[in-house]
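First up is the structure itself, then whatever we jot down about it.
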Amino acid sequence: MNAPFQARAGLRDPFQAFVCDDATADMLRPVAVEHGWSPEKVNKGGLRNAVQSLSVSASPNILFVDLSESADPLNDINALAEVCEPGTIVIASGQVNDVRLYRDLVASGIHDYLLKPFTVDHLRDTFANAQTILSGPRGEAQVDKPHIMAAVIGVRGGVGASTIATSLAWQLGEKAHRSTALLDLDIHFGTGALALDLEPGRGLTDAIENPSRIDGLFIERAMVRANERLSVLSAEAPIHQPLMTDGTAFFQLQEEMRNAFESTVLDLPRHMLIQYPHMVHDAHVAVVVSELTLAATRDTIRILAWLKSNAPQTKVIVVANGVPSGGALEINRKDFEQSIERPVDIVVPHDGKLAAQAAKLGKPMAEVATGKMAAPFSALSSMVLSHATEEGAPSGEGSIAGGAKSLVDNLKSMLNKPKAKAA
C-alpha cells in the first residue's frame, strides 16, 4: 500500500482477491482470466481472510478485498496495511455509501473503492487502471528525483559518523521528501536501528549469508520502516560470528536499493574501505566525518587520499563533528584545514544535552535539533543533494585536494608550532 518504495512487478503473484459472497466471486473470475490471472486466486473470506493469508505470504501486485462484512472498514484497512507489503495496489469493495469513508480509505492507501452493486465494466476499468500504474514508470517523483547515494565515513571510531548518517537519512526523507534507505554496514555494532528506536531484524545478516536471495521482494521484507519515507537495514550480529563475505551481498543490496528508493545513505565503517573498495564506486557523495584532534587529522588525510585514488568521481564533503565551544580544541579549525589541504564544509557543534535527548527519544539528532543546532544538518542535506546532481568530476571545495604526501610535515608543523600566549 502507501510505502516508501514500490516492488518490481514479476516478483510476486500478479493478483489475489478475497470476497464475501459467491456473486462477487463469479463476477471476478472471468475478468481475472481476461487479464491472464488465475481464477483460483479469487478466495472466499473477505478482509479477515486477507489479513490472515498475507501475514504469512507475499502480497500480490494487485489485491482485491471485500469489506462487506467489516463493521469498521477504515480500522480494518489499517490492519491490512500492517501485513500488506509496499507496492501492492489495493482495490476495495463494500456496501457503505459514504463519501467520507471513501476519502478516508483512499487516504489510508487504497487505490479505489467500488460500491456494491458494481458491474463487470467497473471491474475492468479499475483493473486496467491498476495495471497501467504497475507497468508505467515509478512515478513523476522518480523522474524528477534521480537516485542519489551518499556514503558516510568516520575517520576514527567515536567521531559520530553514525549520528551524521542517521540524521542525513532522516533529512533526505522528511525534508527533501525522498524515499530513503539507510544501510548500516557495521554488522556487529551498528546503531542505525537503535538510534531510530527500532529492532534491526535479521535482514542484513541473511543477505550476507545468502546473497542469491537478494531481490526486490527481499528488500521489501528485510527493510525496517522508521516512517513513511525512511527505511533501515541494520544488524546486531553475534560478536563471535565473523563477517564472511566477498562483498557480493553489499553490491547487490546497493543495486536493489537503487531500484527501490530515491536516496540511499550508507553508514560505511572505515575498515570497509579496505576490504570492499567497490562500496564507494557508485556513491555520488562521500561524507567524511572527523573531529578536531591530531589522530583524526592524520586519518582524514589518509582517507581523503584513498578516496582520491579509488573513487575520484565521488564528491567529498568534510564534516567536523562534535566541535566544542570556547576554544578547548586539540587542533583549531585553521590548522586542521591547512593539514588536510581543503576547507571544512560543515561544522557540527558539540551539544551533549541534545545528544542525550535524541537518544532517549529514539530520534535522530536532526529531528530533535532546533535553531542553530539544526542548521548544520540542513546544510549537509542540501550540500549532498547539490553535489549528487552536479555533472562532471569533483572540483573546487567539494573535491579532494592534496593527499598523504604532506602528512608528516603537516603534523610536525602543528606539533612544533608555539602556543599563543594568553591575553
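Please state the charge dipole magnitude for the chain, taken about the Cα centre, from unit charges on C-beta atoms (+1 on K and R, -1 on D and E), reported in debye and rounded to the nearest 20. Spell out each step's value before the answer.
Values: 38 positive and 49 negative charges, 393 e Å.
Charge dipole of the chain: 1880 debye, to the nearest 20.
Protein chains only, probe 1.4 Å: how do 308, 175 rank by accessible area, largest first?
Values: 308 100, 175 125 Å².
Greatest to least solvent exposure: 175, 308.
Show me the ranking of peptides 371-381, 34-44 by mean Cβ neighbours inside 10 Å, starting with the highest.
On the way: 371-381: 17.2, 34-44: 14.7.
The peptides rank, most packed first, as 371-381, 34-44.
How many nm is it between the label spots at residue 372 and residue 281, if each spot is 7 Å from the Cα in line with the beta carbon?
It works out to 4.5 nm between the two label points.
Report in % the part of the accessible area of the chain that belongs to carbon and sulfur, leaving out ligands and nucleic acids; probe 1.4 Å. Walk me through the intermediate numbers first.
Numbers: 10040 of 19690 Å².
Heavy-atom surface of the chain belonging to carbon and sulfur, 1.4 Å probe: 51 percent.
Within 9 Å, Cβ to Cβ, of residue 68, how many net charges do the neighbouring residues add up to if Lys/Arg are +1 and Asp/Glu are -1? Walk me through the numbers before you get to the answer.
Numbers: positive: 116; negative: 21, 66, 69.
Taking every Cβ under 9 Å from that of residue 68, the sum is -2.
Measure nothing fancy, just the Cα-based angle from helix 99-108's long axis to the longest principal axis of the chain, in degrees from 0 to 90, nearest 10.
40 degrees
I want to verify a result. In a Gaussian network model of the chain, Cα cutoff 10 Å, which of these has the top mean-square fluctuation: 161, 369, 193?
Result for the chain, Cα springs under 10 Å: 369 fluctuates most.
Could you compute the net charge surrounding residue 238? Neighbours are other residues with a C-beta less than 13 Å from the C-beta of residue 238; K and R count +1, D and E count -1.
Working: positive: 202; negative: 209, 236.
Local net charge: -1.
Full extension from residue 295 to residue 175: what is 0.36 nm times the residue separation minus their Cα-Cα distance, to one decimal in nm? Walk me through the numbers on the way to the answer.
Values: separation 120, 0.36 × 120 = 43.20 nm, distance 3.43 nm.
Difference between extended and current length: 39.8 nm.
If you roll a 1.4 Å probe over the heavy atoms of the protein chains, what accessible area per residue do you get for the chain, in Å²?
Details: 19690 Å² over 423 residues.
With the other protein chains kept in place, the chain gives 47 Å² per residue.
Given a Förster distance of 22 Å, report the FRET efficiency between residue 213 and residue 188 from their Cβ-Cβ distance, rounded to the nearest 0.05.
My answer for the efficiency is 0.55.
A 20 angstrom limit on the alpha carbon distance is what I want to check against. Which of 308/334; 44/116; 175/353; 175/308; 145/308 exceed it?
Numbers: 308/334 22 Å; 44/116 17 Å; 175/353 24 Å; 175/308 31 Å; 145/308 27 Å.
Checking Cα-Cα distances, 308/334; 175/353; 175/308; 145/308 exceed 20 Å.
In nm, to one decimal, how far is the residue 313 label point from the residue 248 one, both placed 7 Å along Cα→Cβ?
Computed distance between label sites residue 313 and residue 248 equals 2.4 nm.
Sort out for me the Cα centre separation of segment 210-264 from segment 27-74, rounded to whole Å.
For segment 210-264 versus segment 27-74, the Cα centre distance is 30 Å.
Tell me the label-point distance for the pair residue 103, residue 68, using the 7 Å Cα-to-Cβ offset, in nm and rounded to one decimal.
The answer from the label model is 2.8 nm.
At 222 nm, what value in deg cm²/dmol follows for the chain if DSSP H runs of at least 4 each add -39500 (n - 2.57) and the sum is divided by all its residues, to the nearest 500? Write down the numbers at each step before the final one.
Numbers: 18 runs with 175 residues, N = 423.
It comes out at -12000 deg cm²/dmol, rounded to the nearest 500.
Provide the net charge surrounding residue 273, with neighbours chosen by a C-beta distance below 15 Å and charges set as Lys +1, Arg +1, Asp -1, Glu -1. Show your work: numbers first, answer last.
Details: positive: 156, 270, 302, 308; negative: 186, 267, 282, 299.
Taking every other residue near residue 273 into account, the sum is 0.
Using Cα pairs under 8 angstrom and six or more residues apart, how large is the relative contact order of the chain, in percent?
Values: 738 pairs, mean separation 65.0, N = 423.
15 percent.
Which of the aspartates and glutamates could a cross-linker bridge to residue 363, judged by Cα under 12 Å and excluding same-chain residues fewer than eight apart?
List returned: 197.
The values are calculated or read from the model by the stated rules, or taken from the named source; none is laboratory data. These figures come from a predicted structure and were not determined experimentally. With ideal geometry, Cβ positions are generated from the backbone for all residues, glycine too; neighbour counts draw on all protein chains shown. Remember, those area values only see protein heavy atoms, side chains included, never the ligands or the DNA or RNA. Shrake-Rupley method; radii C 1.70, N 1.55, O 1.52, S 1.80 Å.
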